[in-house]
Amino acid sequence: MAGNSDLQKRIEQIEEDIKTALERMPEYEKLLAMYRESLVAQAEAREKIAPVEADMDENQAAVCISSGLALLGETEVTLDKDTAVELYMKLGEIASKHGEDFAEEVAKINGKVDAGKIDIGAVLEEVFSGGSAEDLKKKVMDLDLDGHVFASLVFASIRPNLELYSEKLRPLVKDDDWEKKSCPVCGRLPYISKLVQKEGKRMLCCPACSTEWRFPRLKCVNCGTIEHDKLRMLYPEDEPRDRYADVCDNCRRYLKAIDTRELARSPIMQIADAATLHIDMLAQREGFVTL
Ligand SMILES: [Zn+2]
Ligand SMILES: [Zn+2]
């Protein structure tokens, strides 16, 4: 029954964060309605996955970390493929319901699956064991598909599985030992960042396994410059200054940031990411590219 109350709590948090986001940005209503359903489906899928064990101790993890290796690639992991495929189908239905563009794209993908051009189970396993979004996009572009929609569905489908491993492995990483731009657990690049605790520690957030790891605040995540005159923050107009883009004039990359220090609890970062699309647009209009 413990599992059920975890699920209940998670759903309450999803509802709460969506409500807060909509109070501030009502124009995201459609997008966030899709996120709500999609995140609930992911939370429900997670309940179906058997508990996982990570076959790694602190010493082994320390060796990986000091060699700059992400932990997940160095340990035995298993994807619950049935649950992931089922979730993939469900997320496709949810996306289709929330927009004609999505519906069209999902139907196209399903057509390729039915024609035997894509083996969903195999794709999910490949990405689960470390495949990148870029490789995935390239692969499906050859099939004349929008790589972005497909990659979003695939990553969301394996996220519950990855999160279970991340929760086992993350405690093995000490903040001071890993200040890289890639996730210490799965090796992927962050999609957003947040400021936490009184002193405003900067944490980077992994889009795939939800791991958060510390990174110096006054340093470009992409090129590593610490020259202060190259680093700036871009704020959207007429908004409180708790959400912005950290931009670097040296490499022209940006990463969004959410200052969570005034919040009662840590926000769900996928929702924070969706509700700040205007900040992506702002940064991109100024010529900055995401990581
Ligand atoms: Zn990760
Ligand atoms: Zn840079």
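The table for this structure:
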{"item": "Members of Lys81/Lys181; Lys168/Lys194; Lys97/Lys194; Lys138/Lys168 lying beyond 25 Å, as alpha-carbon distances in this model show", "result": "Lys81/Lys181; Lys97/Lys194; Lys138/Lys168"}
{"item": "R0 of 25 Å, Cβ-Cβ distance Leu69-Asp135: FRET efficiency to nearest 0.05", "result": "0.85"}
{"item": "For Glu212, net neighbour charge (Lys/Arg +1, Asp/Glu -1) across residues whose Cβ lies under 9 Å away", "result": "+3"}
{"item": "Estimated inter-spin distance, Asp177 and Thr78, nm [label 7 Å along Cα→Cβ]", "result": "2.7 nm"}
{"item": "Region 175-290: relative contact order in percent, alpha carbon pairs under 8 Å with at least 6 residues between", "result": "22 percent"}
{"item": "FRET efficiency estimate (nearest 0.05) - Cβ-Cβ, Ala107 to Leu195, R0 51 angstrom", "result": "0.80"}
{"item": "Net +/- balance of residues flanking Thr75 in space, Cβ distance below 12 Å, scoring K and R +1, D and E -1", "result": "-4"}
{"item": "Residue (of Ala245, Val185, Ile279) at the positive-pole extreme of region 146-291, dipole from beta-carbon charges", "result": "Val185"}
{"item": "Calculated diffusion of the chain, Stokes-Einstein form, Kirkwood radius summed over Cα pairs, 25 °C and 0.890 mPa s, µm²/s", "result": "122 µm²/s"}
{"item": "Within a Gaussian network of the chain (alpha carbon springs, distance under 10 Å), most fluctuating of Asp119, Asp175, Asp17", "result": "Asp119"}
{"item": "Beta bridge orientation in region 175-290: antiparallel %, DSSP, nearest 5", "result": "75 percent"}
{"item": "Footprinting exposure proxy for Thr75, Thr83 (fewest neighbouring C-beta atoms within 10 Å first)", "result": "Thr75, Thr83"}
{"item": "Within a Gaussian network of the chain (alpha carbon springs, distance under 10 Å), most fluctuating of Leu72, Leu189, Leu234", "result": "Leu234"}
{"item": "Total formal charge among the other residues, if their Cβ is under 12 angstrom from that of Asp142, Lys/Arg +1 and Asp/Glu -1", "result": "+3"}
{"item": "Sequence ranges 50-60, 254-264, ranked by mean other-Cβ count within 10 angstrom, highest first", "result": "254-264, 50-60"}
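Read-outs throughout are calculated quantities, based only on the coordinates presented, and are distinct from any laboratory measurement. Note that the coordinates shown come from a computational prediction; the quantities given were computed from them, not determined experimentally. Backbone-built Cβ (ideal geometry, glycine too); neighbour counts: all protein chains shown.
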